[in-house]
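Here is the structure we will look at, set down as structure tokens.
The values are calculated or read from the model by the stated rules, or taken from the named source; none is laboratory data. Please read these numbers as outputs of a predicted model, since none were measured by experiment. Quick reminder, even Gly has a Cβ in these numbers, built from the backbone with ideal geometry, and neighbours come from all protein chains shown. The area values use the complete protein model at the heavy-atom level, side chains included, leaving out ligands, DNA and RNA. Shrake-Rupley method; radii C 1.70, N 1.55, O 1.52, S 1.80 Å.
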Amino acid sequence: MNTASVTTSAAPSLDLTRIRWVGYKTIVIREYGRIIRIWGQTLVPSAVTATLYFVIFGSLIGRRVGDMGGFSYMQYIAPGLIMMSVITNSYANVVSSFFGAKFGKHIEELLVSPLPNWVIVAGYVTGGMLRGLMVGGVVTLVSVLFTDMQVHHLFIILAAVLLTSLVFSLGGFINAVFAKNFDQVNWVPSFILTPLTYFGGVFYSVSLLPQWAQKLSYANPILYMVNAFRYGFLGVSDVPLRLAFAIMVVAAIAMFALCVGMLNRGTGTRE
Amino acid sequence: MNALSVRGLVKTYRNGVQALKGIDLDVEEGDFFALLGPNGAGKTTLIGIATSLVTKTAGTLSIFGHDIDRELEAAKACVGVVPQEINFNMFESPETILVNQAGFYGIERRVARERAENYLRQLHLWDKRDKMSRSLSGGMKRRLMIARALMNEPKLLILDEPTAGVDIEIRRSMWDFLRGINERGTTIILTTHYLEEAETLCRNIAIIDGGRIAERDRMSSLLLKLHTETFVLTLRNALSAAPKLDGYNVALVDNHTLEVEVSKNQNLNDIFSRLSALGIEVLSMRNKVNRLEEIFMRLVEKGANGAAARAPEALSGIAVPETTAVGAQGGRS
Ligand SMILES: Nc1ncnc2c1ncn2[C@@H]1O[C@H](COP(=O)(O)OP(=O)(O)OP(=O)(O)O)[C@@H](O)[C@H]1O
Ligand SMILES: [Mg+2]
């Protein structure tokens, strides 16, 4: 084993930090390229859906609803709709891109490369956040057409949207690691994510709900994210802000650790 | 230094199949090394462990002295791999695939683009650089994977059946290409089922069978181990029966074709003078099978007879109880 001493002397020529940084950038560029290449699937649908929501709920029904939390219904749901598109798109991007890479086997390009697993997770998750924010941006533009958007606290808006898209990108990653077929890619978004989002205070203030439904709502993490985000625009929230941010930060850290741990063990990726 | 060093390597898959049963193997730096074996022998599994696509159950493996348990990133940075099955993104263009691959090894895009152009031209893919990879032919896809494996200028290039389904002309040009790379200092490990290819290219060889190394030798010494060779002779005039040549096994395949078995202490001059004496004219002569093929068949057949009990497990992928138990213990130790 005298070879070991030889290699340690030769090792400094290998700049791991640079490899990781360039590798991370490359994954992000590739993910961005994918979003742009299939923009009809990645960017357009949410913009269309959001426009429909604004037209139907905001303009047609919203007029009869009246005020919500002291604002016009349109103003009230705008942050919720932006957040909904961020959640859906961050999740969808990572789950379909990473599962697609497993399915098409090109995930092996990354697995054989010298990039450590945390860089791989970081790269895919950044890609998911990128799409979440791009679509969120588009929906924000759409909402400006329908209502006055005010900014109460820019920092809170940014922090809430970044953390939320981080959390759901990580969620998409976990889903993709476990998924064995395309049904399992669609299952969580349809049966868990969408209901949680709809009941997560996008369209109403939980104060309108009966007591038991309010209690139940507080168990829904999306409620905290939507309300923190809405606070950034309107300055009103159904939940304490500190708690909302604590939940997002803790969830992000725990989920990132889970993702890296699973890849390290080879779950769903290595034989 | 050894480019690859393997000790006591065991792999038991989750379904209980023990694909590697304790492999020891060294491949020297600069070598052009053939890793041969029948289907299911464990070649791809071994390569998978070396490139961390497969987790090992027991044993150690190091690449240029970097143990994959302790210095995984350094070990992986030395390797380029051409997998057995196509595994690039079919929706990306060859150029994108190459440039991104370089990026995963820390190579900046400017350098990566230059390299990509270089390899795309050398492997005759430049015209296809911006087409969707899905539209490449099978042989082009193989060459794209070779180009991809070279993007990080690996010290060790591992090729898992790179010439499967490639036409003869391109196969020959791939041989020249690989020889050139090897001459410039890259260690190459090649698996192939074309034994002629291994015989032409490789200096050292290991034959793996049923998860164990059955033979490990220099190519030239291994070929010397072949005690008898069978030659096929084509005759000018038709014969109705095989001629009697004392000391030789002769068989008449058809009127114009003779098969003669010649052992190492006999020689061809002798055969020809005897045939001439009998008035038999030989038009052409060839080996019945490639020499390496002959050795390979003998080793593998021997292995198969000795381990008949192993066959069902290896074939069906379903565990035979006893062997699984042994495998599981191997895994725990
Ligand atoms: N993912 C897997 N899960 C379970 N068993 C596997 C897996 N991959 C390979 N095996 C089994 O391990 C054994 C060795 O397979 P391997 O692919 O390493 O063979 P090989 O030598 O590369 O064969 P070939 O020449 O056909 O490519 C076989 O019995 C195979 O069925
Ligand atoms: Mg194989």
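Results for (1) within 15 Å of ligand 1 (Cβ to nearest atom); (2) over 22 Å from B:PHE296 (Cα atoms); (3) surrounded by 24 or more Cβ atoms within 10 Å (Cβ to Cβ); (4) of a type in the set (Lys, Arg), shown as yes or no for each residue.
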{"site": "B:ASP24", "(1), (2), (3), (4)": "no, no, no, no"}
{"site": "B:GLY30", "(1), (2), (3), (4)": "no, yes, no, no"}
{"site": "B:LYS76", "(1), (2), (3), (4)": "no, yes, yes, yes"}
{"site": "B:TYR105", "(1), (2), (3), (4)": "no, yes, no, no"}
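The set of residues in the range A:104-132 being among the hydroxyl-bearing types (Ser, Thr, Tyr) and at the interface with another protein chain (Cβ under 7 Å from one of its Cβ atoms) consists of A:SER113 alone. Within the range A:15-39, count every residue that is facing chain B (nearest Cβ under 8 Å), aliphatic (A, V, I, L, M) and open to solvent by 30 Å² or more (accessible area, probe 1.4 Å). Number satisfying all stated conditions: 2. Counting only residues that are open to solvent by less than 10 Å² (accessible area, probe 1.4 Å) and either without any contact (Cβ under 8 Å) to a residue 12 or more places away in the chain or in a helix (DSSP H, G or I) (or both), the range B:153-180 holds 2 of them. Look at (1) part of a strand (DSSP E or B); (2) away from ligand 1 (no atom under 16 Å from the Cβ); (3) open to solvent by 10 Å² or more (accessible area, probe 1.4 Å) and you find that B:ILE188 fails only one, number (3). Restricting the search to the range B:50-74, which residues are open to solvent by 10 Å² or more (accessible area, probe 1.4 Å), within 14 Å of ligand 1 (Cβ to nearest atom) and facing chain A (nearest Cβ under 8 Å)? Those that are open to solvent by 10 Å² or more (accessible area, probe 1.4 Å), within 14 Å of ligand 1 (Cβ to nearest atom) and facing chain A (nearest Cβ under 8 Å): B:LEU53, B:VAL54, B:THR55.
Quick grid of which residues meet (1) in contact (Cβ under 8 Å) with a residue 40 or more places away in the chain; (2) outside any helix (DSSP H, G or I):
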position: B:LYS11; (1), (2): yes, yes
position: B:ARG14; (1), (2): no, yes
position: B:LEU20; (1), (2): yes, yes
position: B:ILE23; (1), (2): yes, yes
position: B:PHE33; (1), (2): yes, yes
position: B:GLY40; (1), (2): yes, yes
position: B:GLY48; (1), (2): no, no
position: B:VAL54; (1), (2): yes, yes
position: B:SER62; (1), (2): yes, yes
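In the range B:97-112 there is no residue that is in contact with a strand residue (DSSP E or B) (Cβ under 8 Å, 6 or more places away or on another chain) and assigned by TED's automatic domain parsing to the domain that holds B:THR45. Taken over the range B:32-49, the criterion of being open to solvent by less than 10 Å² (accessible area, probe 1.4 Å) and more than 6 Å from ligand 1 (Cβ to nearest atom) is satisfied by B:PHE32, B:PHE33, B:ALA34, B:LEU35, B:LEU36, B:LEU46, B:GLY48, B:ILE49.
The set of residues in the range B:77-112 being charged (D, E, K, R) and over 24 Å from A:GLY104 (Cβ atoms) consists of B:GLU108, B:ARG110. In the range A:156-198, the residue that is surrounded by the fewest Cβ atoms within 10 Å (Cβ to Cβ) out of those that are farther than 25 Å from A:VAL249 by Cβ and in contact with a helix residue (DSSP H, G or I) (Cβ under 8 Å, 6 or more places away or on another chain) is A:PHE182.
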